[in-house]
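Peer 1: Could you have a look at this structure, given as structure tokens, before my questions?
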Amino acid sequence: MFRTRASLSGFIVSEPALTATERGDARLYVRVGQEHFHRGENGSFTPLEPTFHDLVVFGRTAERAAEHLAKGDRFIAEGRIRRFTRVGADGVETDAEEFIAARIGHDVARTSYTVERTRRAKQELSAAPEETVTQPTPPTLTA
């Protein structure tokens, strides 16, 4: 069975801001944008105005994201939407929402980058489950 979660993709609009929660855990906040398009009857796509949203990440993932993500980067995130009521400086309550990312990274379809792999300890490698992939046998063609 597949485990699924909400996902969000877009571009980072603000400089990532790494702060701490009241308990001292890392919290990363960024403002993100999403592009939208209208598909015409002829199959063409017309760009629409982007929408903008709040995205937060917590813990070690927040620290790592702060090291690697920057304003303008294209990203993909997995997590959940949290809806809440926000009280403004004027005392007026408004409905708000934010995307809480459990995982986040660069969008490989829209980003060029280099991956640096560190060598893992032999013990870590032996603890990883082995996966065997069986390729189907191609059909025999006869004339």
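Peer 1: So if I check each of ARG83, ARG110, which one is touching a residue at least 12 places away in the same chain (Cβ under 8 Å), open to solvent by 100 Å² or more (accessible area, probe 1.4 Å) and in a strand (DSSP E or B)?
Peer 2: ARG83 is the lone residue from the list that is touching a residue at least 12 places away in the same chain (Cβ under 8 Å), open to solvent by 100 Å² or more (accessible area, probe 1.4 Å) and in a strand (DSSP E or B).
Peer 1: Return the pair list, or none, for Cβ contacts closer than 7 Å from residues in segment 8-32 that are farther than 20 Å from ARG110 by Cβ and in a strand (DSSP E or B) to residues that are among the polar types (S, T, N, Q) and open to solvent by less than 60 Å² (accessible area, probe 1.4 Å), at least 6 apart or on different chains.
Peer 2: Here the result reads ARG27/THR21, each pair linking segment 8-32 to a residue that is among the polar types (S, T, N, Q) and open to solvent by less than 60 Å² (accessible area, probe 1.4 Å).
Peer 1: Modelled with pLDDT under 95 and exposed (fewer than 10 other Cβ atoms within 10 Å of the Cβ), is that true of GLY24?
Peer 2: Judged against the criteria, GLY24 is not a match.
Peer 1: In addition: Got at least one residue in segment 54-61 being open to solvent by less than 70 Å² (accessible area, probe 1.4 Å), in a helix (DSSP H, G or I) and under 19 Å from SER9 (Cβ atoms)?
Peer 2: Checked against the condition, which is being open to solvent by less than 70 Å² (accessible area, probe 1.4 Å), in a helix (DSSP H, G or I) and under 19 Å from SER9 (Cβ atoms), segment 54-61 yields at least one hit.
Peer 1: Scan (1) touching a Gly at 6+ places or on another chain (Cβ under 7 Å); (2) surrounded by fewer than 12 Cβ atoms within 10 Å (Cβ to Cβ); (3) among the β-branched types (Val, Ile, Thr) for the single condition VAL92 breaks and write down its number.
Peer 2: For VAL92, the failing item is (1).
Peer 1: Among the numbered criteria (1) within 23 Å of the chain's Cα centre (by Cα); (2) at pLDDT 95 or above; (3) open to solvent by 50 Å² or more (accessible area, probe 1.4 Å), which single criterion is violated by VAL115?
Peer 2: The single condition VAL115 does not satisfy is (2).
Peer 1: Is one or more of the residues making up segment 37-49 assigned to a strand (DSSP E or B) and open to solvent by less than 60 Å² (accessible area, probe 1.4 Å)?
Peer 2: no
Peer 1: Check LYS71 against each of (1) assigned to a loop (DSSP other than H, G, I, E, B); (2) modelled with pLDDT under 95 and name the one condition it does not meet.
Peer 2: Condition not satisfied by LYS71: (2).
Peer 1: Additional query: Taking segment 67-80 on its own, how many of its residues are surrounded by fewer than 18 Cβ atoms within 10 Å (Cβ to Cβ) and either among the aliphatic types (A, V, I, L, M) or under 15 Å from GLU15 (Cβ atoms) (or both)?
Peer 2: So the count comes out to 5.
The values are calculated or read from the model by the stated rules, or taken from the named source; none is laboratory data. In this text, all values refer to a predicted model and were calculated from it rather than measured experimentally. Note that we place each Cβ from the backbone using ideal geometry, even for glycine, and neighbour counts take in every protein chain shown. Just the protein is used for accessible areas: all its heavy atoms, side chains included, with ligands, DNA and RNA removed. Shrake-Rupley method; radii C 1.70, N 1.55, O 1.52, S 1.80 Å.
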